[in-house]
Amino acid sequence: MRQPLVIANWKMNGLTQANNAWVETFSSLEKVSCDVVVCAPHVYLSTLSQSQSFELGAQDVNEHESGAYTGEISAAMLSDLAVKWCIVGHSERRQYYGDTNERIAQKVMSLVKAGIRPILCVGETLEERDAGQTLDVVAKQLLSVLSYVPVRELGAVAYEPIWAIGTGKTATPQSAQEVHRALREIVKNIDPEAADALRLLYGGSVKPNNALELFSMPDIDGGLIGGAALNAQDFHSICQASLTK
Ligand code: PGA
């Protein structure tokens, strides 16, 4: 059985006051039955680690253990702040900050070493989708990590079609399911038991009004939520739409 998992990705949003209000609202709402993770900007992780109503996640990590990497944050530092999860390979990092599949695999390895669960993001561009390359692209992104790290070490894999992120366009539940099923098949060929347990999340313009139909798909085990996670009520409604598989 897979317990649903819903993750907030706040990206570079929120200041102390807004974050406190978010936590207060979310904590005051009915307890949800899914696992909940909030991935906040690094500078707020320490304060947020006090909250009991979700687990704490970061949005990125440096692949090196320590050293002369000005401005970067190591996996050990995240672990020091009680961070349990970390997004890796988000398309915004791939696109703007040069994260390659190779570098992402190194980041995943450094997280695993520090006992943090990686949330690996995969997804295709609109051009790749139009060229019929979606499954090839996501398979390559996933396998490049699985050639270094056993699948059991992954906390979750998030399928996030790049054209759906922050655009208001969502993959249809059927087309998202098709990709999720393909991802699970890939993992099944490597480790069938781990494939059954692995939580595959959908991300890309998930909102309270479309979450249920996405989460009803057999291989969609929750979501990675950007824009709608900035509002605690909306995020809570999305959590409530998640289903055990
Ligand atoms: P979105 O972002 O929900 O705003 O589309 C999702 C993500 O980038 O994780």
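Derivation of every value follows stated rules applied to the coordinates shown; laboratory data play no part. As the structure is a prediction and not an experimental result, all values here were calculated from the model. We place every Cβ from the backbone using ideal geometry, glycine too, and count neighbours over all the protein chains shown.
Here is how the numbers come out for the structure above:
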{"read-out": "Estimated vicinal HN-Hα couplings, Hz - region 157-173 in sequence order (Karplus 6.51, -1.76, 1.60; Gly, Pro = x)", "value": "10, 10, 8, 10, x, 4, 5, 9, 7, x, 9, x, 8, 10, 5, 5, x"}
{"read-out": "Note, ³J(HN,Hα) from phi for region 177-183, Karplus 6.51, -1.76, 1.60, rounded to Hz, x at Gly and Pro", "value": "4, 4, 5, 4, 4, 4, 5"}
{"read-out": "Residue-wise HN-Hα coupling along region 137-145, computed from phi with Karplus coefficients 6.51, -1.76, 1.60 (Hz; x: Gly, Pro)", "value": "5, 5, 5, 5, 5, 6, 5, 5, 7"}
{"read-out": "Between region 139-156 and region 66-107, the alpha-carbon center distance in angstrom", "value": "16"}
{"read-out": "Residues whose placed amide H lies under 5 Å from that of Ile73, excluding near-sequence neighbours", "value": "Asn62"}
{"read-out": "Max mean-square fluctuation residue, GNM over the chain, Cα-Cα springs under 10 Å, options Glu127, Glu65, Glu153", "value": "Glu127"}
{"read-out": "Long-range Cα-Cα pairs in the chain (distance over 22 Å), rounded percent", "value": "49"}
{"read-out": "Amide H contacts of Gly223 (H built 1.01 Å from N, under 5 Å, at least 5 apart or other chain)", "value": "Leu5, Val6, Ile7, Tyr202"}
{"read-out": "Residues Val149, Val37, Val23 arranged by fewest to most Cβ contacts within 10 Å", "value": "Val149, Val23, Val37"}
{"read-out": "Sequence-distant lysines (8 or more away, or on other chains) whose Cα lies within less than 29 Å of Lys31", "value": "Lys11, Lys84, Lys207, Lys245"}
{"read-out": "Residues whose placed amide H lies under 5 Å from that of Arg117, excluding near-sequence neighbours", "value": "Trp85, Cys86"}
{"read-out": "Gyration tensor over alpha-carbon atoms, region 146-239, equivalent ellipsoid semi-axes in Å", "value": "25, 13, 12"}
{"read-out": "Region 71-212 - convex hull of alpha carbons, volume per residue in Å³", "value": "126"}
{"read-out": "Helical mean residue ellipticity (222 nm; -39500 (n - 2.57) per DSSP H run of 4+; nearest 500) of the chain", "value": "-11000 deg cm²/dmol"}
{"read-out": "Charge dipole (debye, nearest 20) of the chain; +1 at Cβ of Lys and Arg, -1 at Cβ of Asp and Glu", "value": "220"}
{"read-out": "Peptide ranges 204-210, 106-112 listed from the most packed, as the mean C-beta count within 10 angstrom indicates", "value": "106-112, 204-210"}
{"read-out": "Residue order, fewest to most beta carbons within 10 Å, for Ser147, Ser49", "value": "Ser147, Ser49"}
{"read-out": "Set of aspartates and glutamates with alpha-carbon distance to Lys188 below 17 Å, sequence-local pairs under 8 removed", "value": "Asp136, Glu153, Glu178, Asp196, Asp219, Asp221"}
